[in-house]
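Let me begin by presenting the structure, written as structure tokens, before commenting on it.
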Amino acid sequence: MNEFRGSLGWRAMTKTDEENPHTAIARRFLHERSDVHDPQVSPDGRRVAHVVTTCDLDENTTTSRIWLDGSPVSAGPHDSQPRWSPDGRRLAFTSRRGEKKGDATLHVLPVDGPGEVRTICTLPEGIGNVTWSPDGSKIGFTSRTRDERYDAKDVSWQSPRKVERYFSRLNGEDWVFDRPSHVYVVNAAGTGAPKNLTPGEFQHDGIAWTTDSTAIITSAQRHDGWDVELGSDLYRIGLDESVTLLTDHSGTHAAPAVSPDGSMIAFLGTDNPRLYPQNIRVGVMAIDGSDRRFISEGLDRTFFALNCPHAPLWLDDATLLAAAEDRGTTHVYRLTTDGSTPEAITEGALNVTGFDQRSGTLATAQSTVSRTSELFVTREGATDQVTQVSMSGSDWERFGVPCTDGSGEIDAWIMRPAGFDPDASYPVLLNVHGGPFTQYGEVFFDEAQMQAAAGFVVLMSNPRGGSGRDSAWGQAINGPKHQDVPGTGWGSVDVDDVMAVLDTALDRYSFCDADRVGMLGGSYGGYMATTLAARYGDRFGAICSERAVNNLLTEEWSSDIGMTFRIEHGVDPVNDPAEYLRMSPITLAHDIHVPMLLIHSEEDWRCPINQAEELWMTLKWLGRDVTFYRFPGENHELSRSGSPVHRRMRAEIILDFFTDRLAAASDSDNGDDAG
């Protein structure tokens, strides 16, 4: 019997934490890992503030500190969002320095002159979208406003929640309908309490001041039926709490930015909120909401980049910067209000993860496959790397694979294992990303690094349904009954593409051992893992399905974004449940015979844990080889932002599982014995 199958589970293995080589690998890529985020250029272009985050496994924490020109200027451990005052003499930032644990605080740090850090305000919820008013007298931000039930002694004293809308509870946030995100302003001098400009039930996001400092432009869903219609609008919020609708409920509008002369608003959005996926575009409109148009049409890519979610940045009254994904990269593009074709101003095999430009100085945070993010500053055409905080890892090779139906080329990457010997053969791990409208690419990915360090060949690709390509690529797996853009549905050409990548790699790279292939994926990638286990299980020695969608019908009814999958599948679960079940791999569980590892977080509201429970119950009842791990206190983001110790444990479980199962895969059949 394999040790992994022992009734005590993972820690029934004979090796202790100290002896397990996978513990050392996980520690290498997690402990003291630092990344640069959120560069902010001073108004005169001379200085750059930024955030450096560092993971500490020993303390089970991730700290964040404010840095200035490559050196730390705050002690942390929870400092972020540095924002320059208009005169460049002060730097606002957020922290958690209140007397009560969890309190959010806003501070101002003198940069050009004497003085101490001042606390501007303290609130019980997080502070986001920090933005100075143009006259420097006020700071606008968003924060959640709690219902009085949260003042109760404990939950046994709380009144019941009356839930009336979808999206009332969100992954990583918990209940939000009774803690709506509001627009606040506070005097930058720290005099007086913050003023809530948008009291009530509605959620708001984004802060863009009008040039006269009398109002804020924000994105919100403030109309009846928004949770069914799914649109979002831009509003003008006056300091007198007046609310003016600027758009007409017909599209999505987010991330507003006001032009330097105050005459225009830039935003990210779409025309049709009931079509997903689609490439998010950069739009502009007059300050009163008229003359709305999109200016990024010359580049059919999404300008909401997963690794760089950034509002458009005005350089002058006719020119903007915005980030877009492109076939595994993320770059900054220059756009103009006349709609000319966007022009990339960064280049190379990398992902820009943050940017800012003022007075001719461009600051970017950049990551590559082999390096975590660092700060780069470009002045007068010359680019310098300012920080040296990154962790290094293995590189990889990009290769293209034709779609089996001849419709295009799939972008794929292969990472060779540590200590690679071209004459040896190695087990292979095929990774599939989540989304599906996301992308793998030229950015540091600790999971791939750990897999390679553990001796695996790592395969990754961006099949149809993903982002970073034209709209048709992303919409290829829309449901066949979709009224606007019908596709072939989940589990169709996306499966074909992933298998084509595997077949090509096994044929092209002789060091890949076809008898020792494992597969793993999370979220939609977990859906693909369960699907491949049922349909191509004989091709794999083991499969890990993590935070997966296994039953599309129950997912639509239980997810925090439930009743939105209909705009992708083309039908709703009430009137056509059969279409959801047709694409659900839970219905194919009888065909699963390959050893399965299931990992799920107990506070995952995006893909609730019932998705794993349904599959585990079924496979266990069928007597199949299935191992199930549940992580307490974690949500859908475990692998990215979970506690460092849980991330280490997760990595060890996965590496142990595949090492154990693929070592035996070439010597034994994939039987049904649960051991």
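The values are calculated or read from the model by the stated rules, or taken from the named source; none is laboratory data. A quick note: this is a predicted structure, and the numbers were derived from the prediction, not measured. Every residue, glycine as well, gets a Cβ built from its backbone with ideal geometry; the counts of neighbours run over all protein chains shown.
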Please name all residue pairs, on different chains or six or more residues apart, with Cβ atoms under 6 Å, provided the first residue is in the range 195-222 and is under 21 Å from Lys162 (Cα atoms) and the second residue is among the small types (Gly, Ala, Ser) and in a loop (DSSP other than H, G, I, E, B).
Gln221/Ser232
Going by what's in this entry, would Ser545 be described as within 19 Å of Gly522 (Cα to Cα) and touching a Pro at 6+ places or on another chain (Cβ under 6 Å)?
no
Residue in the range 262-276 that is closer than 30 Å to Ile477 by Cα, at pLDDT 95 or above and among the small types (Gly, Ala, Ser) present:
yes
Can you pull out every residue in the range 45-79 that is touching a residue at least 60 places away in the same chain (Cβ under 8 Å), surrounded by fewer than 17 Cβ atoms within 10 Å (Cβ to Cβ) and under 17 Å from Val386 (Cβ atoms)?
Arg46, Asp69
Would you point out the residue of the range 53-94, among those that are part of a strand (DSSP E or B), touching a strand residue (DSSP E or B) at 6+ places or on another chain (Cβ under 9 Å) and hydroxyl-bearing (Ser, Thr, Tyr), that is farthest from Ala363 (Cα to Cα)?
Thr61
Taking the range 248-268 as the region of interest, how many residues are touching a Phe, Trp or Tyr at 6+ places or on another chain (Cβ under 8 Å), surrounded by 19 or more Cβ atoms within 10 Å (Cβ to Cβ) and on the phi < 0 side of the Ramachandran plot?
8
Suppose we filter the range 628-655 for residues that are surrounded by 21 or more Cβ atoms within 10 Å (Cβ to Cβ) and part of a loop (DSSP other than H, G, I, E, B); how many remain?
3
Looking at Asp572, is it at pLDDT 95 or above, surrounded by fewer than 22 Cβ atoms within 10 Å (Cβ to Cβ), of a type outside the set (Val, Ile, Thr) and not in a strand (DSSP E or B)?
yes
Would you be able to tell me the number of residues in the range 118-151 that are in a loop (DSSP other than H, G, I, E, B) and at pLDDT below 95?
0
Checked the range 216-258 for anything in a loop (DSSP other than H, G, I, E, B) and within 28 Å of the chain's Cα centre (by Cα); matches are Gln221, Arg222, His223, Gly225, Leu230, Gly231, Ser232, Thr247, His249, Ser250, Gly251
Can you tell me how many residues in the range 404-426 are within 30 Å of Gly466 (Cα to Cα) and either crowded, with 17+ Cβ neighbours inside 10 Å or out of contact with any strand residue (DSSP E or B) (no Cβ under 6 Å at 6 or more places or on another chain) (or both)?
15
Every pair of residues 6+ apart whose Cβ atoms lie under 6 Å, when the first sits in the range 583-594 and is closer than 15 Å to Glu614 by Cβ and without any contact (Cβ under 8 Å) to a residue 40 or more places away in the chain while the second is of a type outside the set (Phe, Trp, Tyr) and assigned to a helix (DSSP H, G or I)
Ser584/Leu552; Thr587/Leu581
Okay, strands (runs of 3 or more DSSP E) sitting entirely in the range 407-526 with 1 or more residues that are without any contact (Cβ under 8 Å) to a residue 40 or more places away in the chain and closer than 19 Å to Phe657 by Cβ, I get none
Among residues belonging to the range 367-397 that are at pLDDT below 95 and crowded, with 18+ Cβ neighbours inside 10 Å, point out the one that is farthest from Phe29 (Cα to Cα).
Ser390
All positions within the range 139-177 that are more than 23 Å from Arg222 (Cα to Cα) and either among the aromatic types (Phe, Trp, Tyr) or buried (at least 17 other Cβ atoms within 10 Å of the Cβ) (or both):
Ile139, Tyr150, Trp157
Examine the range 339-346 for a residue that is closer than 30 Å to Asp291 by Cα, among the β-branched types (Val, Ile, Thr) and surrounded by fewer than 21 Cβ atoms within 10 Å (Cβ to Cβ), and state whether such a residue exists.
yes
Residue list for the range 643-652, restricted to those being farther than 16 Å from Asn20 by Cβ and touching a strand residue (DSSP E or B) at 6+ places or on another chain (Cβ under 7 Å)
Pro644, His646
State which residue is farthest from Gly633 (Cα to Cα) when the search covers only the range 164-196 and only residues that are among the hydrophobic types (A, V, I, L, M, F, W, C) and part of a loop (DSSP other than H, G, I, E, B).
Ala189
Residue selected from the range 98-121 under the condition surrounded by 14 or more Cβ atoms within 10 Å (Cβ to Cβ) and under 27 Å from the mean Cα position of the chain (by Cα), by the criterion farthest from Val185 (Cα to Cα):
Asp103
Extreme residue, nearest to Ala257 (Cα to Cα), among residues of the range 197-215 that are in a strand (DSSP E or B) and more than 26 Å from the chain's Cα centre (by Cα):
Trp209
Of all residues in the range 243-264, count the ones that are within 25 Å of Gly200 (Cα to Cα) and not aliphatic (A, V, I, L, M).
9
